[in-house]
Amino acid sequence: MPSSKPASSPKDKRLRWALAFERMSVGSNLLVGVAAVIVGMFASSLALLSLGADAIAATVGAAIVAWQFYAEGQKPPGDLGHKCPEWVTRLTGALLTLFCLWLAVASICNLLGSGARPVASTFGIEIAGVSFASTIALSRAKLAFAAALASAALREEAWRTIASVWVSGITLLGLSANVAFDWWWADPVAAFLLIAFLGMSGWQDLFGPLSPDITARRLKGEQ
């Protein structure tokens with residue numbers, strides 16, 4: 001007996017793949033964020049703490065986009081009642097901005113000799129390396145699916161992931177210099193450099209426009 005279930009369109013398949021990548025992004029960022037914060041506290045590493053803060057903020061952003069795609073997919077065509085949880089994004093931006101202010105003071109004080117010197121951590125290098133590789137792969141995939149689906153929300157989240165690539169790379173360089181050459185000061189210098197990327201992400205979340213995504217509704221309307 002033939003199945004009465006309609007076949008999925010190519011665009012529906014791309015939408016499901018985009019949602020899958022967002023879920024992967026949530027999981028990987030959450031693991032990196034928690035691990036970086038824990039190891040960063042034990043190693044007194046401002047760079048690792050910065051990586052952890054960025055990864056946790058990226059987790060929230062990816063979760064919001066994944067929720068948007070899922071919620072839109074459950075609504076009938078023409079239903080425009082979907083609303084992005086704006087307060088979550090604004091709160092994340094505010095916390096990330098406050099973290100940048102603390103990081104600026106902490107990194108300068110550390111360079112001036114105040115506080116504990118960062119401990120060389122090979123485990124921290126592994127965390128930063130995993131984050132660097134995963135964010136490169138995820139950013140490329142998100143940009144591709146954002147173009148295929150004409151999704152403004154996914155495109156903005158992809159550029160947020162590209163910022164995380166820079167955060168991971170700078171952190172990796174700072175930690176590697178500390179391990180390879182015993183340059184303890186490379187850690188707070190890397191942390192200070194990360195303020196630019198963390199600050200841009202926090203400022204965008206706090207004051208920038210939000211893009212409610214209507215990709216799923218458009219796809220349903222075309223069927």
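Read-outs throughout are calculated quantities, based only on the coordinates presented, and are distinct from any laboratory measurement. As the structure is a prediction and not an experimental result, all values here were calculated from the model. Every residue, glycine among them, receives a Cβ derived from its backbone with ideal geometry; neighbour counts consider all protein chains shown.
Backbone phi angles across the range 43-48, fed through the Karplus curve with coefficients 6.51, -1.76 and 1.60 (θ = phi - 60°), yield HN-Hα couplings of 8, 6, 9, 5, 5, 5 Hz in residue order; Gly and Pro are listed as x. Placing unit charges on the Cβ atoms only, positive for Lys and Arg and negative for Asp and Glu, gives the range 10-222 a dipole magnitude near 660 debye about its Cα centre. Each of the peptides 162-171, 99-108, 17-26, 113-122 was scored by the mean count of other Cβ atoms within 10 Å over its residues; in descending order, highest first, they stand as 162-171, 17-26, 99-108, 113-122.
Over the range 94-217, what relative contact order in percent results from Cα pairs under 8 Å that are six or more residues apart?
Here the relative contact order equals 38 percent.
Loop-located trypsin sites (Lys or Arg not before Pro) in the range 88-157 (DSSP state other than H, G, I, E, B) with a sparse environment of at most 13 neighbouring Cβ atoms within 10 Å are absent. Take every pair of alpha-carbon atoms less than 8 Å apart whose residues are at least six positions apart; their mean separation over the length of the range 10-222 yields a relative contact order of 32 percent. Taken over the Cα atoms of the range 10-222, the convex hull encloses 95 Å³ per residue. The range 86-130 and the range 136-172 have Cα centres separated by 22 Å.
For the pair Tyr70 and Ala20, the difference between a 0.36 nm per residue extended length and the Cα-Cα distance amounts to 17.0 nm.
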